[in-house]
Amino acid sequence: MSCDCDYILKKEDVETQHYSNCSSLAGGAAKLRNPDGTLTLNNKHLKSLDSDYLYHLGIDTGSYDLSMFEDVKFVCLGGKKHRMHEFAKYMAGVLGLETGEKLVNLTKHSKRFAMYKVGPVLSVNHGIGVPSMTTVLQEVIKLMYYAKAKDPIFIRLGTSGGLNVPAGSVVISSCGLSGTMEKSYDLPILGQVRRMPSILDARLSQEILQVAKGIKEFNTYIGATMGADDFYRGQGRLDGPFCDYTEENKMAFLRKLAGLDVKNIEMEATAFAAFTSQAGVRGAIICVTFLDRLHGDQVLTPPETLAKWEERPMAILGKLITKYCDKKA
Ligand code: R2B
Ligand code: URA
């Protein structure tokens, strides 16, 4: 099969030659796309629905004209509603689309999440933790399928606790590691645990790093990301309401993670990686670090500084999307 990578940077700019869903890579994620790049979901039951109600997005396929999503190329997800609104505003400025498109929350009927569209960018919030994130992610994957979007790229913009990197640094995830340090996401399905590999797109991550290197105000690293199922004990904190381990136990765990090249800890990486790769789409995660967990548990940096730091993954993604759009034009 010939290569169908629509490169953002030049092919030779980064080490990995193809995206994970390139048709030249036999099998794997490539099988999950049609030749035109639209998605083929592995669920025959969807075909028998007259109309599919994407409940948390408040959108039903029967009465909505989904063609407005056909040109979506970058599906950007992040925890907070406010941040994803800011990101949509920022992208409208970067792409010069301020006057063309109004920023309306497209999920207004659901009242739970917010979703904005700015040209080829969809900006959606997903809340905290895996169940909240995967609920939105799966509905947006279906939305991209129904809208016949071609080769959409899914990127999570987030916050995290860093490991051995200065607070304010940005980490691009090479993979998601579970709370038991496995490169997988475990989901009980019909009473049995199903294990799914938590793989992200290596080429896309390298392209993001390359773009980030042009920004000198902060450092950006690539490393593994632990996706914990809890903010406190699940991340080895001592400051939750419950704790039965010692400071030494905690430090031994965090140092062990650092030794496994874990650069940050957040709460969605494993499932985000697993579901994007299962959908045959390219996935990447860019998180700013709010503290170095080797030096403490509490997030004590002033909120104004944290808000500034949260703009860092946005700045990187803004540059990446601009490069893509410039190349297309
Ligand atoms: C990072 O920050 C949130 C917890 O404060 C969570 O969504 C995450 O992954
Ligand atoms: N988000 C997390 O999940 N952990 C942190 O330490 C900071 C932000």
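The values are calculated or read from the model by the stated rules, or taken from the named source; none is laboratory data. What you see is a predicted model, and the numbers here were worked out from it, not measured in a lab. All Cβ positions, glycine included, derive from the backbone under ideal geometry; neighbour counts span all protein chains shown. Surface accessibility is based on the protein's heavy atoms, side chains included, excluding ligands, DNA and RNA. Shrake-Rupley method; radii C 1.70, N 1.55, O 1.52, S 1.80 Å.
Heavy atoms only, probe 1.4 Å: what % of the accessible area of region 181-329 goes to carbon and sulfur, would you let me know? Spell out each step's value before the answer.
Numbers: 3880 of 7070 Å².
Roughly 55 percent of what the probe reaches on region 181-329 is carbon or sulfur.
Taking all pairs of distinct Cα atoms, average 1/r, flip it, and tell me the Kirkwood hydrodynamic radius of region 222-268 in Å to one decimal place.
Numbers: mean 1/r = 0.0905 Å⁻¹.
After inverting the mean inverse Cα-Cα distance, the result is 11.0 Å.
I need the phi-derived Karplus couplings for region 140-150: 6.51 cos²θ - 1.76 cosθ + 1.60, θ = phi - 60°, integer Hz, Gly and Pro marked x.
These are the phi-based 3J(HN,Hα) values: 6, 4, 5, 4, 5, 5, 5, 7, 6, 5, 9 Hz.
If I stretch the segment between LYS10 and TYR55 completely, what's the gain in nm (0.36 nm per residue apart, minus their alpha carbon distance), one decimal?
Stretched fully, the LYS10-TYR55 segment lengthens by 12.2 nm.
With N set to the number of residues, divide the alpha-carbon radius of gyration of region 87-217 by 2.2 N^0.38 Å and report two decimals.
Details: Rg = 17.1 Å, N = 131, 2.2 N^0.38 = 14.0 Å.
After normalising by residue count via 2.2 N^0.38 Å, the value is 1.22.
Applying the Karplus parametrisation 6.51 cos²θ - 1.76 cosθ + 1.60 with θ = phi - 60° to the phi angles of region 291-296, what ³J(HN,Hα) value in whole Hz is obtained for each residue in order, glycine and proline being reported as x?
With the stated coefficients, region 291-296 comes to 6, 9, 5, 6, 10, x Hz.
Let me spell out the model: positive unit charges on the Cβ of Lys and Arg, negative unit charges on the Cβ of Asp and Glu, origin at the Cα centre of region 126-193. What dipole size does that give, in debye rounded to 20? Let's see the in-between values first.
Working: 5 positive and 4 negative charges, 47 e Å.
Its charge dipole is roughly 220 debye.
So what's the gap between the Cα centers of region 40-85 and region 296-329, to the nearest angstrom?
Using only Cα atoms, the two centres lie 25 Å from each other.
Which value in Å does the Kirkwood hydrodynamic radius of the chain take, with 1/r averaged over all unlike C-alpha pairs and then inverted? Don't skip to the answer; put the middle values down first.
On the way: mean 1/r = 0.0495 Å⁻¹.
Taking the inverse mean of 1/r over all distinct Cα pairs, the chain comes out at 20.2 Å.
Just to confirm the number: angle between the C-alpha axis of helix 247-259 and the first principal axis of the chain, 0 to 90 degrees, nearest 10?
Taking the Cα atoms of the chain, the angle to 247-259 is about 50 degrees.
Could you work out the Rg to Rh ratio of region 124-184, with Rh taken as the Kirkwood radius (inverse of the mean 1/r over all Cα pairs)?
Dividing the radius of gyration by the Kirkwood radius yields 1.03.
Summing +1 for each Lys or Arg and -1 for each Asp or Glu, what net charge is found among the other residues whose Cβ lies under 11 Å from the Cβ of ALA279? Present the calculation step by step, with values, prior to reporting the outcome.
Details: positive: ARG33, LYS142, ARG282; negative: none.
Summing Lys and Arg as +1 and Asp and Glu as -1 gives +3.
Give me the angle, in degrees from 0 to 90, between the Cα long axis of helix 303-328 and the longest principal axis of the Cα atoms of the chain, rounded to the nearest 10.
Result, in degrees: 40.
If you project the alpha carbons of region 1-155 onto the principal axes, what extent comes out on each, in Å, largest first?
Result, largest extent first: 44, 41, 32 Å.
First compute the accessible area of region 26-83 with a 1.4 Å probe, then give the percent of it belonging to carbon and sulfur atoms. The partial results should precede the final answer.
Numbers: 1750 of 3260 Å².
Summing carbon and sulfur atoms, their accessible area is 54 percent of the total for region 26-83.
List the pairs from LYS263/LYS323; LYS148/LYS213; LYS89/LYS323; LYS11/LYS142 whose alpha-carbon separation is above 24 Å, in the order I gave them.
Violating the 24 Å limit, Cα to Cα: LYS263/LYS323; LYS148/LYS213; LYS11/LYS142.
Sequence gap at least 6, Cα distance under 8 Å: using those rules, report the relative contact order of region 254-313 to the nearest whole percent. Please report the intermediate quantities before stating the final value.
On the way: 23 pairs, mean separation 18.4, N = 60.
Computed value for region 254-313: 31 percent relative contact order.
Quick one: Karplus J couplings for region 266-280, per residue in order, coefficients 6.51, -1.76, 1.60, θ = phi - 60°, nearest Hz, x for Gly and Pro?
9, 10, 9, 4, 4, 6, 4, 5, 5, 6, 5, 5, 5, 7, x
Is the shape of region 200-329 best called rounded, prolate or oblate, per the rule: a/c under 1.5 gives rounded, else a/b larger than b/c gives prolate, else oblate, with a ≥ b ≥ c the square roots of the Cα gyration tensor eigenvalues? Write out the running numbers ahead of the final one.
On the way: a/c = 2.36, a/b = 1.65, b/c = 1.43.
Taking the square roots of the gyration eigenvalues as a ≥ b ≥ c, region 200-329 is prolate.
Mind listing the long-range amide H neighbours of ASP4? Cut-off is under 5 Å, sequence gap 5 or more, other chains count too, H placed in the peptide plane at 1.01 Å from N.
Those qualifying (amide H under 5 Å, at least 5 residues apart or on another chain) are SER23, SER24.
Given a 1.4 Å probe, how much area per residue of region 248-329 is accessible, in Å²? Walk me through the numbers before you get to the answer.
Details: 3330 Å² over 82 residues.
So region 248-329 comes to 41 Å² accessible per residue, rounded to a whole number.
What shape does region 9-94 take by its C-alpha gyration tensor, where a ≥ b ≥ c are the square roots of the eigenvalues and a/c under 1.5 counts as rounded, a/b above b/c as prolate, and the rest as oblate? Write down the numbers at each step before the final one.
Values: a/c = 2.38, a/b = 1.12, b/c = 2.12.
Oblate, because a/c is 1.5 or more while a/b does not exceed b/c.
Calculated from DSSP H runs of 4 or more alone, at -39500 (n - 2.57) each and per residue, what is the 222 nm mean residue ellipticity of the chain, nearest 500?
Numbers: 6 runs with 91 residues, N = 329.
Value at 222 nm, helices only, nearest 500: -9000 deg cm²/dmol.
Calculate the all-directions average of the projected area of region 145-259's alpha-carbon convex hull, and give it in nm². Walk me through the intermediate numbers first.
Details: hull surface 42.2 nm².
About 10.5 nm², averaged over all directions.
Out of residues 5 or more away from TYR221 or on other chains, whose amide H comes under 5 Å of its own, with H placed 1.01 Å from N in the peptide plane?
VAL170, VAL171, ILE172
By its C-alpha gyration tensor, with a ≥ b ≥ c as the square roots of the eigenvalues, how is region 61-125 shaped: rounded for a/c under 1.5, else prolate for a/b larger than b/c, else oblate? Kindly include the intermediate steps, with their values, before the conclusion.
Numbers: a/c = 1.71, a/b = 1.13, b/c = 1.51.
Verdict is oblate for region 61-125.
Within 10 Å of each candidate Cβ there may be at most 14 other Cβ atoms; applying that plus a DSSP loop requirement, which chymotrypsin sites (Phe, Trp or Tyr not before Pro) in region 225-329 survive?
On the way: sites: PHE231, TYR232, PHE242, TYR245, PHE253, PHE272, PHE275, PHE290, TRP309, TYR324; in loops: PHE231, TYR232, PHE242, TYR245.
Sparse-neighbourhood loop chymotrypsin sites (Phe, Trp or Tyr not before Pro): PHE242, TYR245.
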